Structures are given as C-alpha cells and as structure tokens.
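Report on one structure; see the data block that follows.
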Amino acid sequence: MRRIVSRALVFVFVAAAQSCVVDDSFLDGKPCDAENQCAGGYICVVEACPDNPGYLCPLCRTHASPDGSTDGGDSDGGPGDSADRGSDQPVSCNQTPPACKTIPECQETQPECISGVWVCQTGFEVVERSCDGVDNDCDGETDRGLVCILAGASTPDLVDGSASDARFNRPYGLATHPSGGIVVADRGNHSIRLVLADGSVSTLAGTGSYGNAEGPADQASFNDPIAVAIGLDNSILIADRLNHRIRQLSLDDQVSTYAGSGFADYLDGPVDTAKFALPSGLAVASDGSIFVADTGNHCIRKISAGQVTTFSGKCEFPGTEDGQATLARYNSPTNILLLSDDYLIVTEESSHKLRHVSIDGSVATLAGTGTAGFKDGQPLEAQFWKPAGCVWDSQETVILIADSGNQRIRAFSIGTAVTTRLGSGNLGLDSGLPLEATFNNPNSLAIFPDGRLVIADTQNHVLRVLMP
C-alpha cells in the first residue's frame, strides 16, 4: 500500500481546475491523455469534473474511488462516514478547507493551501488506508475496514512466533478451531500451524520436511497438506495431498492415517485399503461423516463407519454435467463447504464453477459459466477463475469465495448475484481499502469468532485479515 511521506497528507492541485484534490500523490488527478491513457502506476478514472459540476471527466488516479461512485456523496454508507468525506468530489481551495486533525489526539487543526496544495502535517487521512494500528481518520476505529497482514511476510520460511516474526511457505487450507484460533495447512512447509487472534503462530504437527511418518506430532510428516477440517471430537483432519491420504491429528498430539492406502487410485471400501488421488477438500457432517473432494478422481467421496464410498460424481471421468449422483461429473473438485447436512457447496478450479450437491448426491450448478474470466452479476452469468476455498459469512448471509486466479474474494448471495468483496484484481501485497488491496493467489478463507475474515494469501506466504 502507499505510505504518506513524512506523515503529511497532501491535497494535490489540479491546474486546469484551480482546485485542491484529496490525495497523497502529486500527479493524482491530472487529466488523462487523448486516448484515455495515464503514466505508469495510474489508471484513467471517469469522475465528476472539478471545474464543471454535473459533467464527467477522465482523470488519472492511483486508485479507484473508495465508494465506486462519482457524485461526491456518501455512497459507501460506512459508519462514521458522511457525504463527500473521502468521496471522489475534489475540494476547491476557494471552499472551506477539508478536515485536518492531529494524530493520534484527533484535535481539530487547520490545513494550509500552499501553491495550490493542501498540506496537513499531522498525517490525518480523509480515508484511512494505513494498517498501522493508528486511528488515522479519527472515526474512533483503528484500521477499520482495511485489508491488512495478520501474520507472516513475503519471504517463505518455517518460523513460529509473533505476527511479524512468523513465516509460512504457501499457506493454503484454513479452518476455525473451537479454541478460537485458525488452523493452517502450510503446504510448502509440510506442516500444520495454528494462528491466534493476535497473529502469533505455532506449529501443531510436522517436521518441515515431506514424508509420511506417523506418531508424535513433532515427529510426524506430511507431503503437501492442502486442506484441514475440525472433527466432532475437535481433532484436526488433514487432506495430505501427495500422500493421497486423509490424516488425523488427535487431541493427544498423535498423527495417524484416517483413510487411504497411500497409493493414487480410485477404490471404495474399508478406510485402510480405499484409494484417493490428490484429495484437496474436506468437510465434516453433524454425524461425523467426512466428505472429501477427491480432486484427481474428479468426484466427491464420503468416509463413514470405517468405509469410503463414492457420494457424488462419476469418478475418473472429468466433466461438467449436472444431474443424479451417478451421472453427474466434476472437473477437479477443489473445496467443499457444508452449509447443512443436505447442502454442500463444491468449488471446481478447472471448470470455474460453484456446484450444489444435495443429500442424495445429485448436482446442480449454482454459479459460473464454465469459462475462466471475471464478471460479477447474475449467478449463471458470473465468471470465476480457479475458485478455491469458500466460507459462509453468517453476518452478511453470503458465501465468500477465494477466486484465486482473479486475485479477488467474491461474494455469492444464493440465487441472487455474485459480487466482488475484496481485491483490485492486480497481483501484489498491498494493504488498504477492500477494493484496492492486492493478493497473489488467495486460496482459502476462515472467520475468527470476532468476525474478522482471514485469507490465505498463498503465493505471498502470508495470512491477510479484513478488519471489521
């Protein structure tokens, strides 16, 4: 994200309009060229003309308007917000100067308009964009509504400790633990980690090297653990992808094989002889049954009463057909979300769809066209690109999806629409406002008990968090 140099907020002068524009970059707000192009690092945005109210003008911006509108009103409707506070309407130097307060005391102070530039020396931000633990916009909240780093750094490693000291290597699957922490399948480190509410990280199981050893958690090994789920007894279930097994970390810190022979193939039967191929998603039902997204076999399996069965799909035959359990086909089912015992959501990274699976195993497409792309709108017209993990947001009553190829987090209101919740679509590790933040292959989601959304930003090697 962009930092304010010397903690001075700059309101940039637009020469043609003789006005001051709220921004922290001197070139922001300049007109686009004749072909609606801007210099590197800027985008051409159509917004209200500063010198001609009621008309729209193409101006170069470093980011889109926070509320996505061009009327100068309070279109984002956020608490503590008000019309034109942080909106896209430029503030003229001939008008009342914009708000400026001391930080962190939040006492009123007067900005100066010097040579067409408003300067607030205190670092006050009209729209907060800094994940620094300071109430920069004086709305009574710290980092409220921002996407920030929860734990880790861009350099991969296996390090436990505080949020800033901890390191991951391609964190992937997430699951909220009853203790209040979040369990992480750390793929590149072949380990299972735990992150607490303050961002501190510890290793629950795994040596950091790949293998298939069982036994005490600190001696056990995995090979590309990709998904985790919490069993009814609060044990941790792990989709051990390249070992082609479902493993279990018990409450007494022992790792064992729950199901799978370890050979990549397709075979139903007793848990110790059944075979999976690249299992990548897990969900636990209220009776303790476990649903498995058997990615390499292109079907959904079920583990119950010591047996592995095929629950949905024609295994070993990829496709996109909806219909009855034995006739439906999947194309690399990736993740499973269990909304209730009779309502499963399956994401497919190769067909770029969300599917609904009923209690009888029958399948229907919920969202996505089947073609990779990016488009919000009606569910069957919307487009995804490698949708991965998803989570139910009970506060907003939507399904949130990690749209990994689009570098975004999408929201699906069942039967209504698909919208974008987080991400600009660009690759990066920028913190800030939801639609300005950037990701690099976000793959899984979980929610802390306090409502904070956590994102496994896999190729950035960090966990991100949306501050409520």
Checklist entry - For the stretch 232-308, what log10 I(q)/I(0) values come out of the Debye formula at q = 0.16, 0.26 1/Å, with one point per alpha carbon and no solvent? => result -0.49, -1.29
Checklist entry - Can you pull the percent of the stretch 388-468's accessible area that's carbon plus sulfur, 1.4 Å probe, other chains left in place? => result 49
Checklist entry - In square nanometres, what is one fourth of the surface area of the convex hull spanned by the alpha carbons of the stretch 358-468? => result 7.2
Next on the checklist: Given axes a ≥ b ≥ c from the Cα gyration tensor, I'd like to know whether the stretch 142-181 is rounded (a/c under 1.5), prolate (a/b larger than b/c) or oblate.
Outcome noted: oblate
Checklist outcome for this item: Here, residue 254 and residue 317, labelled 7 Å along Cα→Cβ, have an inter-label distance in nm of 4.2
Checklist entry - Rank 250, 130 by accessible area, highest first, at a 1.4 Å probe radius? => result 250, 130
Checklist entry - Once the Cβ-Cβ distance between residue 339 and residue 213 is put in as r, and R0 is 35 Å, what FRET efficiency do you end up with, to the nearest 0.05? => result 0.45
Next on the checklist: Given R₀ = 22 Å, what would the calculated FRET efficiency be for residue 273 paired with residue 233, taking r from the Cβ atoms and rounding to 0.05?
Outcome noted: 0.35
Checklist outcome for this item: Taking a ≥ b ≥ c as the square roots of the Cα gyration tensor eigenvalues, with a/c under 1.5 meaning rounded and otherwise prolate when a/b beats b/c or oblate if not, the stretch 105-147 comes out prolate
Checklist entry - So how do 330, 266 rank on accessible area, 1.4 Å probe, biggest first, that is with the largest at the start? => result 266, 330
Checklist entry - Largest first, what is the accessible-area ranking of 142, 96, 122 with a 1.4 Å probe? => result 96, 142, 122
Checklist outcome for this item: With 0.36 nm assigned to each residue of separation and the Cα-Cα distance removed, residue 144 to residue 452 gains 109.8 nm
Next on the checklist: If you average the alpha carbon positions of the stretch 121-161 and of the stretch 204-223, how far apart do those two centres end up, in angstrom?
Outcome noted: 35
Checklist outcome for this item: Quick calc, residue 110 & residue 202: beta-carbon distance into FRET formula, R0 51 Å, rounding 0.05, result 0.55
Checklist entry - Ignoring any ligand, DNA or RNA, what whole percent of the accessible area of the stretch 102-244 comes from carbon and sulfur when the probe is 1.4 angstrom? => result 46
Next on the checklist: Quick check on packing: order 407-415, 222-230 by the mean number of other C-beta atoms within 10 Å, highest mean leading.
Outcome noted: 222-230, 407-415
Checklist outcome for this item: To the nearest Å², the heavy-atom accessible area per residue of the stretch 366-468 with 1.4 Å probe amounts to 35
Checklist entry - For the stretch 251-337, what is the accessible area per residue in Å² when the probe is 1.4 Å? => result 41
Checklist entry - Which semi-axes, in whole Å and largest first, does the equivalent ellipsoid of the stretch 162-268 have when worked out from the alpha carbon gyration tensor as the square roots of 5 times its eigenvalues? => result 22, 15, 12
Checklist entry - Which far-off residues, 5 or more places away or on another chain, put their amide H under 5 Å from the one on residue 367, with H placed in the peptide plane? => result 354
Item to check | Above-threshold pairs, the threshold being 27 Å between Cα atoms, out of 314/375; 275/375; 275/314 | outcome: 314/375; 275/375
Checklist entry - For the cross-link pairs 302/386; 30/353; 302/353, which exceed 30 Å when the distance is taken from alpha carbon to alpha carbon? => result 30/353
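The values are calculated or read from the model by the stated rules, or taken from the named source; none is laboratory data. Computed from a predicted model, the values in this text were never measured in an experiment. Backbone-built Cβ (ideal geometry, glycine too); neighbour counts: all protein chains shown. Each accessible area value is taken on the protein alone, full model and side chains, heavy atoms only, with ligands, DNA and RNA left out. Shrake-Rupley method; radii C 1.70, N 1.55, O 1.52, S 1.80 Å.
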